[in-house]
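**Q** Just dropping this structure here.
The values are calculated or read from the model by the stated rules, or taken from the named source; none is laboratory data. From a predicted model like this one, the values you see are computed outputs, not experimental measurements. Cβ: placed from backbone, ideal geometry, glycine included. Neighbour counts: every protein chain shown. Heads up: the accessible areas ignore ligands, DNA and RNA and are worked out on the full protein's heavy atoms, side chains in. Shrake-Rupley method; radii C 1.70, N 1.55, O 1.52, S 1.80 Å.
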Amino acid sequence: MAFVTEIVLFRARPGIAVETAVETVVEAAEGSRRALAGLDGYIDRSFGVSADGLFGDIVRWRDLASAEAAAAVAPTLCGFDRFLQAIDGPSVRLYHFRSRSL
């Protein structure tokens, strides 16, 4: 089965205390989960953070059109605003990969 893997890499917004940045960002991401899961083409999502504070949000979509449609509406979704407020916008790097399970 083919699908699209969306990988978003980012750092926490400046001003979020280093001691609580991971907890703050992860809680905000969890709060946006339901909004994303309700979108057409959503398959699943995983989330992680590296030792140096780089966050990775990985979402699998049915196809590129679904991923792009989600990106267009995500900022307006209930629960997504808190997640966006926790992200350092200039640090965001977004990638889409045509994927398949091995």
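**Q** Those residues that are open to solvent by less than 30 Å² (accessible area, probe 1.4 Å), aliphatic (A, V, I, L, M) and in contact with a helix residue (DSSP H, G or I) (Cβ under 6 Å, 6 or more places away or on another chain), I need them from the range 67-89; list them, please.
**A** The answer is ALA74, ALA86.
**Q** Could you grab me the full set of residues in the range 40-66 that are surrounded by 15 or more Cβ atoms within 10 Å (Cβ to Cβ), more than 11 Å from the chain's Cα centre (by Cα) and either of a type in the set (A, V, I, L, M) or under 16 Å from LEU9 (Cβ atoms) (or both)?
**A** VAL49, LEU64, listed by residue number.
**Q** Can you confirm whether ALA28 is at pLDDT below 95 and open to solvent by less than 60 Å² (accessible area, probe 1.4 Å)?
**A** yes
**Q** Are there any pairs, at least 6 apart or on different chains, whose C-beta atoms fall under 7 Å, with the first in the range 50-74 and touching a residue at least 60 places away in the same chain (Cβ under 8 Å) and within 24 Å of MET1 (Cα to Cα) and the second of a type in the set (Asp, Glu) and open to solvent by less than 50 Å² (accessible area, probe 1.4 Å), and if so, which?
**A** ALA67/GLU6
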